[in-house]
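Q: Okay, handing you the structure first.
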Amino acid sequence: MLTRRRKWLIAAASLILIVVTMAYFNRTTLAMWGFDLLLSKEIEESLEESHQPLEGREPKPVENVEKPREPFSLLLLGIDQRGKERGRSDTMIYTIVRPKDGAMLMVSIPRDADVEIVGRGKQDKITHAYAFGGPKMALETVEKLFDTKIDYYATINFEGFRNVIDAMGGIALPITEDLVNKDPNHEKFVVKGGQDLYNGQDALNYVRYREDAGGDMSRTERHQTFIQAMMDKATTVGQWGKVPELIEVMGSNFTTDLRPQEIISIGKSMLQAKQRTLYSHTLKGEGKIGRGGAWLFQVDEADLDKARGWIASWLDGSIPQRELPLPDQYVRQGQSDSPAA
């Protein structure tokens, strides 16, 4: 027969086991509680420096940042900037985020795509839009290309890119063979294959590598692979304590017209979603020598029309995730094989 002391010890041990089990299965909720308690205010203050609205444009209003967000669009710009120059948008990705579903659709635009630059009244490489008129001209040019409005923009330059990866302790990338950039007209570097983790400089070189047979198409696909790797690393529990450090590291290298509290709200919504899924597509087309001997990428109009259809559906919050149209490669695989972050 058990003594009162032994019964008490068993009851206490059982209670501890129940609490630990509940903590494990509700670790996302606990992470959010800790985030609100310890980090939210600090992060909001750090992000104030990065908040840069565009003149003449009002970002999409948000009535209550604590409610699950409806679908919204975001233009992601990776900027090749040296010194104090404005630089060019080396990476341009039209992104739709559906926080309630934890789902993202990312459509990459090849940097050499030959398009009409809004505000210039002529055709040029889309990467030059940022060089001519900053994020506003880049955003409006992409809006014209897809015939739809973009709610927000976000930029990060290469220095911020490197620093954030290093602060995260590196990321895993699917590099099986050495990547060697050696063309006399290109920046020279080597990224060694087979590493468990890659530092900021190697990750930057991975997305900038341009001497494989796939050209601009392969390059934009690497951009998407990199973003997926970043999400995989960022959503690990151990990274949340690093968020203030990561934001401080980005500093003036990161700009957006999203308000700080909106960024926090979106991040929380995505983390609390049952799953996080990313679908990506690179606009198809053909590269060739064009005006003045420049290398230009002619976007395939049929593929562009498909992308416009995907975008319109994904921005419609009334369409359930299971009914959303997907890029062709995911339709061939079947939705059950879709990538989950």
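Q: Please compute the per residue accessible area over the range 136-212 with all protein chains in place, 1.4 Å probe, rounded to a whole number of Å².
A: On the way: 3520 Å² over 77 residues.
That works out to 46 Å² per residue.
Q: With the Cα gyration tensor of the range 100-210 in hand, give its eigenvalues times 5 under a square root as the equivalent ellipsoid semi-axes, listed largest first in whole angstrom. Mind showing how you got there, number by number?
A: Working: eigenvalues 182, 74, 33 Å².
Square roots of five times the eigenvalues give 30, 19, 13 Å.
Q: Tell me the accessible surface of Lys288 in square angstrom (1.4 angstrom probe, heavy atoms of protein chains only), to the nearest ten.
A: Number for this one is 100 Å².
Q: Further question on the same structure: On the full set of protein chains, 1.4 Å probe, figure out the accessible area of Lys188 and give it in Å² to the nearest 10.
A: Result for Lys188: roughly 130 Å² accessible.
Q: Sticking with this structure for a sec: With each label point set 7 Å from Cα along the Cα-Cβ vector, what nm distance links Phe132 and Ala172?
A: Here the answer is 4.3 nm between the modelled labels.
The values are calculated or read from the model by the stated rules, or taken from the named source; none is laboratory data. No experiment lies behind these values; they were computed from the predicted model shown. A quick note on method: Cβ atoms are made from the backbone with ideal geometry, for glycine too, and the neighbour counts reach across all protein chains shown. In case anyone asks, the SASA skips ligands and DNA or RNA and just uses the protein heavy atoms, side chains included. Shrake-Rupley method; radii C 1.70, N 1.55, O 1.52, S 1.80 Å.
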